[in-house]
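Input: a single structure, listed below in structure tokens.
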Amino acid sequence: MERLIEDRVKEVAAHIVMSDLTIREAAKLFCYSRSTVHKDMTERLPKLDGVLYKQVRAILDHHIEVRSIKGGEATKAKFKQRRYEN
């Protein structure tokens, strides 16, 4: 793997761990596509740094667990806002 890619993977992973970012937020912050960041975190990072990968994986798994809850809250707020506008 190229050194530039290795550095990118480790930098994004460290930032995800420090800031509890989602894949989408990290991609936007670093100006990479979501698919690039996802591939970096799920395929490349385990080969580079197993400990960092476990930390990132735990954060990503947590985001998956709360995804439906946050989606439901957003929908509720959306319809509540529509109700007050009419």
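Some notes on this structure:
- Subset of the range 35-82 (residues that are over 24 Å from residue 12 (Cα atoms) and small (Gly, Ala, Ser)): 68, 71, 72, 74, 77
- Qualifying residues in the range 1-36 (those that are basic (Lys, Arg) and free of Cβ contacts under 8 Å to residues at least 40 places away in the same chain) - the one surrounded by the most Cβ atoms within 10 Å (Cβ to Cβ): 8
- The helices (runs of 4 or more DSSP H) found entirely in the range 8-86 that carry 1 or more residues being of a type in the set (Val, Ile, Thr) and at pLDDT below 95 are 50-85.
The values are calculated or read from the model by the stated rules, or taken from the named source; none is laboratory data. These numbers were taken from a predicted model, which means no experiment stands behind them. In this analysis, Cβ positions are derived from the backbone assuming ideal geometry, glycine residues included, and neighbour counts consider all displayed protein chains.
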